[in-house]
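A.B. asks: Please see the structure below; I have some questions.
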């Protein structure tokens, strides 16, 4: 039974990867990307929350005395 010659395999694999890369690039060239539509200027509604109406004070925890 003859041995399988593996010396051309890296070249075959490399050429296959390069060919696939070019095919994908050609497919992407023909693909049309849609332009993003310009967003409409919408007014943001400000909601009144309870903590905006009140004045609150944040207390720090008591410091440790030595």
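A short reminder: the numbers here are calculations on the coordinates, not readings from a lab. Predicted model, so just to flag it, every value in this text is computed and none were measured. Quick reminder, even Gly has a Cβ in these numbers, built from the backbone with ideal geometry, and neighbours come from all protein chains shown.
A.B. asks: Under a crude label model (7 Å from the Cα following the beta-carbon direction), how far is residue 38 from residue 23 in nanometres?
C.D. replies: In this crude label model, residue 38 to residue 23 measures out at 4.2 nm.
A.B. asks: Tell me, what is the FRET efficiency for residue 30 and residue 9 to the nearest 0.05, using R0 = 25 angstrom and their Cβ-Cβ distance as r? Present the calculation step by step, with values, prior to reporting the outcome.
C.D. replies: On the way: r = 32 Å, r/R0 = 1.29.
So, using R0 = 25 Å, E works out to roughly 0.20.
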